[in-house]
Amino acid sequence: MAAAATTCSSTITANLASYRTTLQSTGVVRISACENIAPNIHIAFINAKDTRIKYALPVSVASTASVPHQLNLVRMTNYGGIALVNGFMWDGDAGALSGGKGTAKGFLNTDNVIRAKNTEGGNKLTFGVSSTKGLGFFETSSPTYNFQSYGYNLVSSSTSVVKNGVCTTSTENNRWSAIGANLSTGEIVMVSSTSSGTTTAADLCSVFKAFGINYAIRLDGGPSAAMIISGTHLNPLTGASYLKYGNMRYIAYPIQIKN
């Protein structure tokens, strides 16, 4: 267990039953216990099996002429929902100004439409969510991989946080977002660094494992890391990032939890 996240993970372990009780009535729970202690993250705890909850990867499409599709870079505040976190990286404009465009890296499917299929190569750990909210994780580099029904919504990463219960050794320190899921309970956890917080994928692992999650992927980080819960942007940018991007960067797509 990574030492920096021990206090956070032990707090989650001690309160997990209570979080789950609240989850049964609300479908989404904001957990603030780790915002002011390492790894300094905002947490959204989601019950995907709740019939009120919908999972989506909203995009603003500029062109479908070829795959990967060209996407308009958009601030997450443009999308509604109960909880949102930024997605994975893209190629294209920096996302400092409105009007930018880019193509998603790795695998990206939205409502059964292929938006990107890992044309840059390299193994990706891919999180798939079916139209009935079945959850699955797959590791592949193949652009033609058959994700079956889980290919309805796909997001991927070149860096795992935890894979088959084994923690990553990645110690790249930055602001990060991540998403993981408990395949048996249907619970999803999304995390994102606080405005001034930094962490590593290795330190995030024990947090996900405290939720009983054995699969999680690191999403984009740095100035891209952002989370919105109940309409509030929890981690606006500061310092040099604020001067370049404002409160929030324009990104290729978020992960959205909505009714």
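Here, each number is a calculation from the coordinates, and none is a lab measurement. The structure displayed is predicted, hence computed values, not measured ones. Please note: Cβ atoms are built from the backbone with ideal geometry, for glycine as well, and neighbour counts cover all protein chains shown.
Under a 10 Å cutoff between Cα atoms, tell me which one of LEU108, LEU204, LEU23 has the largest fluctuation in the Gaussian network model of the chain.
Sorting by GNM fluctuation, first place goes to LEU23.
Taking the structure as given and computing Rg and Dmax of the Cα atoms in Å, which label from (i) 16.7, 51; (ii) 32.0, 133; (iii) 21.4, 67 fits?
(i)
For every other residue with a beta carbon closer than 12 angstrom to the beta carbon of ALA178, add +1 if it is Lys or Arg and -1 if Asp or Glu, then tell me the sum. Show your work: numbers first, answer last.
On the way: positive: ARG175, ARG218; negative: ASP203, ASP220.
Local charge sum for ALA178: 0.
Over 29 Å between C-alpha atoms is what I'm after, so list which of LYS105/LYS209; LYS54/LYS244; LYS49/LYS209; LYS163/LYS258; LYS124/LYS209; LYS54/LYS209 land there. Walk me through the intermediate numbers first.
Values: LYS105/LYS209 27 Å; LYS54/LYS244 33 Å; LYS49/LYS209 20 Å; LYS163/LYS258 27 Å; LYS124/LYS209 20 Å; LYS54/LYS209 24 Å.
From the list (LYS105/LYS209; LYS54/LYS244; LYS49/LYS209; LYS163/LYS258; LYS124/LYS209; LYS54/LYS209), the Cα-Cα distance tops 29 Å for LYS54/LYS244.
Trypsin sites (Lys or Arg not before Pro), restricted to region 1-63: which are DSSP loop and have at most 11 other Cβ atoms within 10 Å? Display every interim value, and only then the final one.
Working: sites: ARG20, ARG30, LYS49, ARG52, LYS54; in loops: LYS49, ARG52.
Within region 1-63, the qualifying trypsin sites (Lys or Arg not before Pro) (loop, at most 11 other Cβ atoms within 10 Å) are ARG52.
Using amide H atoms built in the peptide plane, which far-off residues or other-chain residues are under 5 Å from LYS54 H to H?
Answer set, sorted by chain and number: LYS258, ASN259.
With θ set to phi - 60° and the Karplus curve 6.51 cos²θ - 1.76 cosθ + 1.60, what are the ³J(HN,Hα) couplings of region 64-75 in order, to the nearest whole Hz, using x for Gly and Pro?
Those phi angles translate into 10, 4, 8, 9, x, 5, 7, 10, 6, 6, 9, 6 Hz.
Calculate for the chain the 222 nm mean residue ellipticity that helices alone would give, adding -39,500 (n - 2.57) per DSSP H run of length 4 or more and normalising by residue count, nearest 500 deg cm²/dmol. Mind showing how you got there, number by number?
On the way: 3 runs with 38 residues, N = 259.
That comes out to -4500 deg cm²/dmol.
What ranking, highest mean first, results for peptides 78-88, 219-229 when packing means the other Cβ atoms within 10 Å averaged over each residue? Provide the component values of the computation, followed by the final result.
Numbers: 78-88: 21.9, 219-229: 24.7.
Averaged packing, sorted descending, gives the order 219-229, 78-88.
Most exposed first by the Cβ proxy, i.e. fewest other Cβ within 10 Å, how do SER195, SER18 rank? Mind dumping the intermediate values first?
Working: SER195 20, SER18 10.
Listing SER195, SER18 from fewest to most nearby Cβ atoms yields SER18, SER195.
Treating only the Cβ atoms of Lys and Arg (+1) and Asp and Glu (-1) as charged, compute the dipole magnitude of region 3-258 about its Cα centre; round to the nearest 20 debye.
Numbers: 19 positive and 11 negative charges, 73 e Å.
Dipole about the Cα centre, nearest 20: 360 debye.
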